[in-house]
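Following this message is one structure expressed as structure tokens.
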Amino acid sequence: LRLCAWYLYGEKHRGYALNPVANFHLQNGSVLWRINWMGDTSPRGLGASCGMMVNYRYFLEETASNSALYLASKQVRASEQVLALVAQFQQHSKL
């Protein structure tokens, strides 16, 4: 979960989220909300994402500002749960 959180939150291509699905949702103003262990146990889900599924949450009153923030300064809005996983990854990672 920590590695997944870092991949979605911290891995970048030209400053934007490396994952194309994450990039799509973040450009549209969502918040990286929750990572679900074994949320997709289909053969495709297991092969593509080790069974993990991600929820993006749209707060309608914040989508325009979130989108502008991401597009202008490449900052990802994320929930406390995701940020805690990112912090744990950074603390324990040797990267």
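Look through Leu32, Leu18, Leu26 and report the one residue that is touching a helix residue (DSSP H, G or I) at 6+ places or on another chain (Cβ under 8 Å) and at pLDDT below 95.
Result: Leu18 is the single residue among Leu32, Leu18, Leu26 that is touching a helix residue (DSSP H, G or I) at 6+ places or on another chain (Cβ under 8 Å) and at pLDDT below 95.
Report the residue count in segment 35-51 for those that are surrounded by 12 or more Cβ atoms within 10 Å (Cβ to Cβ) and either farther than 17 Å from Leu83 by Cβ or in contact with a helix residue (DSSP H, G or I) (Cβ under 8 Å, 6 or more places away or on another chain) (or both).
So the count comes out to 8.
Tyr58 fails exactly one of the following numbered conditions: (1) within 22 Å of Arg2 (Cβ to Cβ); (2) modelled with pLDDT of 95 or more; (3) open to solvent by 80 Å² or more (accessible area, probe 1.4 Å). What is the number of that condition?
(1)
The values are calculated or read from the model by the stated rules, or taken from the named source; none is laboratory data. The shown structure was predicted, so the numbers you read here are calculated from the model rather than taken from an experiment. Positions of Cβ are backbone-derived with ideal geometry, glycine not excepted, and every protein chain shown enters the neighbour counts. Keep in mind that these areas ignore ligands, DNA and RNA; they rest on the heavy atoms of the full protein, side chains included. Shrake-Rupley method; radii C 1.70, N 1.55, O 1.52, S 1.80 Å.
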